[in-house]
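Have a look at the structure below, then the notes.
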Amino acid sequence: MIDLGKDVPPDKIVEAVAKDKAPVVGLSALMTTTVASMKETIEKLKISCPDVKVIVGGAVLTPDLAKYAGADFYARDAMEGVRIVTKLLE
């Protein structure tokens, strides 16, 4: 696991995923204003790292917002995120 921190620009996330060949990316949104950046990040990831799977979650996220952002999975909490990653990496 690599934690890039908060308010990370989309290009920096894409660069880290490509460099480390990460199979899964988790993004969290705590405010609705973050969803637009999340969508941009996912779009860039799908272009540069088409095999990566993206899980999203956070205080303001819903399954509908996850779909809008282009995520592969929505996790309502951290434990659900762990279960999703475990299945993906089996």
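Cβ contacts < 7 Å: first residue farther than 23 Å from residue 31 by Cβ, restricted to the stretch 65-88; second residue among the charged types (D, E, K, R), any location; separation 6+ or different chain. Result?
88/53
Just checking, how many residues over the stretch 7-66 are within 18 Å of residue 85 (Cβ to Cβ), in contact with an Asp or Glu (Cβ under 8 Å, 6 or more places away or on another chain) and open to solvent by less than 30 Å² (accessible area, probe 1.4 Å)?
So the answer is 3.
Just the residues that are more than 11 Å from the chain's Cα centre (by Cα), within 20 Å of residue 12 (Cα to Cα), assigned to a helix (DSSP H, G or I) and not polar (S, T, N, Q), please, taken from the stretch 47-71.
47
The values are calculated or read from the model by the stated rules, or taken from the named source; none is laboratory data. Keep in mind the model is a prediction, meaning the values are calculated, not measured. FYI the Cβ positions are ideal-geometry reconstructions off the backbone, even for glycines, and counts take in every protein chain you see. Ligands, DNA and RNA are excluded from the accessible area calculation, which covers all protein heavy atoms including side chains. Shrake-Rupley method; radii C 1.70, N 1.55, O 1.52, S 1.80 Å.
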